[in-house]
Amino acid sequence: MEIRKPNNSELEEIIALSPQALFDGTLGGVRATNEKVLNLIEPLLEKGCYYLIATENNELMGWILIGANKDQFTDQLNGFIYELFVKEKFRGRGISKGLMNVAIEHLRQEGYSEVRLSAYVGNNAIKLYEKLGFSIRTVNMKLQL
(Lines give C-alpha, C1' and ligand atoms only; values in the text may rest on other atoms or scores of the structure.)
Protein backbone atom coordinates (compact mmCIF):
# COMPACT_ATOMS: atom_id res chain seq x y z
CA MET A 1 0.00 0.00 0.00
CA GLU A 2 1.26 3.45 -0.93
CA ILE A 3 0.04 6.62 0.82
CA ARG A 4 0.60 9.91 -1.01
CA LYS A 5 -1.07 13.02 -2.35
CA PRO A 6 -3.41 12.38 -5.30
CA ASN A 7 -2.91 13.42 -8.90
CA ASN A 8 -5.68 15.27 -10.77
CA SER A 9 -7.51 12.17 -12.03
CA GLU A 10 -7.41 10.63 -8.54
CA LEU A 11 -8.77 13.87 -7.10
CA GLU A 12 -11.64 13.69 -9.60
CA GLU A 13 -12.37 10.12 -8.44
CA ILE A 14 -12.40 11.29 -4.81
CA ILE A 15 -14.87 14.06 -5.66
CA ALA A 16 -17.08 11.61 -7.55
CA LEU A 17 -17.13 9.19 -4.58
CA SER A 18 -17.48 11.87 -1.90
CA PRO A 19 -21.30 11.76 -1.75
CA GLN A 20 -21.01 8.08 -0.77
CA ALA A 21 -18.28 8.91 1.74
CA LEU A 22 -20.48 11.57 3.31
CA PHE A 23 -23.45 9.18 3.40
CA ASP A 24 -21.34 6.46 5.08
CA GLY A 25 -19.66 8.88 7.49
CA THR A 26 -23.01 10.25 8.66
CA LEU A 27 -24.40 6.72 9.03
CA GLY A 28 -26.89 7.34 6.25
CA GLY A 29 -27.99 10.68 7.66
CA VAL A 30 -26.85 12.88 4.77
CA ARG A 31 -27.44 12.32 1.06
CA ALA A 32 -25.46 14.96 -0.79
CA THR A 33 -25.16 15.82 -4.44
CA ASN A 34 -21.78 16.25 -6.10
CA GLU A 35 -22.50 19.98 -6.16
CA LYS A 36 -23.05 20.06 -2.39
CA VAL A 37 -19.86 18.08 -1.81
CA LEU A 38 -17.90 20.52 -3.99
CA ASN A 39 -19.34 23.43 -1.98
CA LEU A 40 -17.99 21.77 1.18
CA ILE A 41 -14.61 20.66 -0.16
CA GLU A 42 -13.49 23.51 -2.42
CA PRO A 43 -13.17 26.10 0.39
CA LEU A 44 -11.09 23.61 2.40
CA LEU A 45 -8.74 22.96 -0.51
CA GLU A 46 -8.47 26.70 -1.19
CA LYS A 47 -7.35 27.34 2.39
CA GLY A 48 -4.60 24.71 2.15
CA CYS A 49 -6.23 21.46 3.21
CA TYR A 50 -5.23 18.43 1.17
CA TYR A 51 -5.95 14.78 0.56
CA LEU A 52 -3.72 11.82 1.14
CA ILE A 53 -4.71 8.64 -0.67
CA ALA A 54 -4.03 4.95 -0.18
CA THR A 55 -3.41 3.05 -3.41
CA GLU A 56 -2.35 -0.40 -4.44
CA ASN A 57 -1.66 -1.46 -8.02
CA ASN A 58 -2.76 2.01 -9.15
CA GLU A 59 -6.21 1.56 -7.59
CA LEU A 60 -7.61 4.11 -5.16
CA MET A 61 -8.53 2.32 -1.94
CA GLY A 62 -9.29 5.27 0.32
CA TRP A 63 -8.40 8.78 1.38
CA ILE A 64 -8.11 11.26 4.21
CA LEU A 65 -8.62 15.03 4.04
CA ILE A 66 -6.48 17.03 6.45
CA GLY A 67 -5.54 20.61 7.22
CA ALA A 68 -5.90 23.37 9.76
CA ASN A 69 -8.92 24.41 11.77
CA LYS A 70 -9.24 27.30 14.20
CA ASP A 71 -10.76 26.72 17.62
CA GLN A 72 -13.81 28.99 17.79
CA PHE A 73 -13.19 29.90 21.45
CA THR A 74 -9.40 30.22 21.69
CA ASP A 75 -8.50 31.03 18.05
CA GLN A 76 -5.78 28.35 18.34
CA LEU A 77 -4.97 26.61 15.06
CA ASN A 78 -5.09 22.83 15.26
CA GLY A 79 -4.54 20.06 12.80
CA PHE A 80 -7.88 18.68 11.68
CA ILE A 81 -9.04 15.49 9.98
CA TYR A 82 -12.02 16.50 7.87
CA GLU A 83 -12.75 13.18 6.20
CA LEU A 84 -11.62 9.57 6.24
CA PHE A 85 -13.00 7.05 3.76
CA VAL A 86 -12.09 3.58 2.56
CA LYS A 87 -13.94 1.92 -0.31
CA GLU A 88 -16.12 -0.90 0.97
CA LYS A 89 -14.22 -3.69 -0.81
CA PHE A 90 -10.97 -2.63 0.90
CA ARG A 91 -12.30 -2.30 4.46
CA GLY A 92 -10.84 -4.44 7.24
CA ARG A 93 -7.29 -4.31 5.82
CA GLY A 94 -5.84 -1.58 8.07
CA ILE A 95 -6.07 1.14 5.42
CA SER A 96 -7.83 3.62 7.74
CA LYS A 97 -5.14 3.11 10.37
CA GLY A 98 -2.41 3.63 7.80
CA LEU A 99 -4.03 6.82 6.49
CA MET A 100 -4.54 8.13 10.02
CA ASN A 101 -0.94 7.47 11.05
CA VAL A 102 0.48 9.18 7.96
CA ALA A 103 -1.94 12.12 8.33
CA ILE A 104 -1.07 12.59 12.00
CA GLU A 105 2.62 12.60 11.11
CA HIS A 106 2.03 15.18 8.35
CA LEU A 107 0.18 17.42 10.82
CA ARG A 108 2.92 16.95 13.44
CA GLN A 109 5.58 17.95 10.91
CA GLU A 110 3.50 21.01 10.01
CA GLY A 111 3.85 22.14 13.63
CA TYR A 112 0.44 21.38 15.10
CA SER A 113 0.46 20.33 18.75
CA GLU A 114 -3.06 18.88 18.58
CA VAL A 115 -5.18 17.04 16.02
CA ARG A 116 -8.96 17.08 16.14
CA LEU A 117 -11.77 15.40 14.24
CA SER A 118 -15.53 14.94 14.41
CA ALA A 119 -17.44 11.68 14.07
CA TYR A 120 -21.05 10.58 14.30
CA VAL A 121 -21.96 8.48 17.33
CA GLY A 122 -22.06 4.87 16.21
CA ASN A 123 -19.43 5.29 13.51
CA ASN A 124 -17.12 2.25 13.61
CA ALA A 125 -14.11 4.50 13.01
CA ILE A 126 -14.45 5.84 16.56
CA LYS A 127 -12.84 2.62 17.83
CA LEU A 128 -9.83 3.29 15.63
CA TYR A 129 -9.62 6.91 16.76
CA GLU A 130 -9.62 5.83 20.40
CA LYS A 131 -6.90 3.23 19.74
CA LEU A 132 -4.81 6.00 18.20
CA GLY A 133 -5.18 8.08 21.38
CA PHE A 134 -8.05 10.42 20.51
CA SER A 135 -10.39 11.28 23.36
CA ILE A 136 -13.84 12.84 23.50
CA ARG A 137 -13.57 16.61 23.82
CA THR A 138 -17.12 17.84 23.20
CA VAL A 139 -20.54 16.28 22.78
CA ASN A 140 -23.01 17.57 20.22
CA MET A 141 -26.62 16.72 21.07
CA LYS A 142 -30.00 17.06 19.37
CA LEU A 143 -33.66 17.00 20.28
CA GLN A 144 -36.00 15.79 17.57
CA LEU A 145 -39.16 17.95 17.41
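The values are calculated or read from the model by the stated rules, or taken from the named source; none is laboratory data. Predicted, not measured: the structure shown is a model, and the values here were computed from it. Note that each Cβ is placed from the backbone with ideal geometry, even for glycine, and that neighbours are counted across all protein chains shown. Accessible surface is based on the protein model in full, side chains and every heavy atom, while ligands, DNA and RNA are left aside. Shrake-Rupley method; radii C 1.70, N 1.55, O 1.52, S 1.80 Å.
Subtracting the Cα-Cα distance of Leu77 and Arg91 from 0.36 nm times their residue separation leaves 1.9 nm of extension gain.
Kindly state, as a whole number, the per residue volume in cubic angstrom of the convex hull around the alpha carbon atoms of the chain. Measuring per residue, one finds 132 Å³ for the Cα hull of the chain.
If R0 equals 41 Å, the separation of the Cβ atoms of Val102 and Gln144 corresponds to a calculated FRET efficiency of about 0.60. Just the protein heavy atoms count here, and of the accessible area of the chain at 1.4 Å, carbon and sulfur take up 50 percent.
Given that compact globular proteins tend to follow 2.2 N^0.38 Å, what is the ratio of the alpha-carbon Rg of the range 76-123 to that value? Walk me through the intermediate numbers first.
On the way: Rg = 12.2 Å, N = 48, 2.2 N^0.38 = 9.6 Å.
It is 1.28.
Annotation note: GluC sites (Glu not before Pro) in the range 51-127 located in DSSP loop regions with a Cβ neighbour count of at most 14 within 10 Å are Glu110, Glu114.
Once the piece of chain linking Leu38 and Ser113 is laid out straight, how much longer is it, given 0.36 nm per residue of separation minus the C-alpha distance between them?
On the way: separation 75, 0.36 × 75 = 27.00 nm, distance 2.92 nm.
Value of the extension gain: 24.1 nm.
Along Cα→Cβ, 7 Å out, is where each label goes; now give me the distance between the ones at Met1 and Gln20 in nm to one decimal. Once both label points are built, they end up 1.8 nm from each other.
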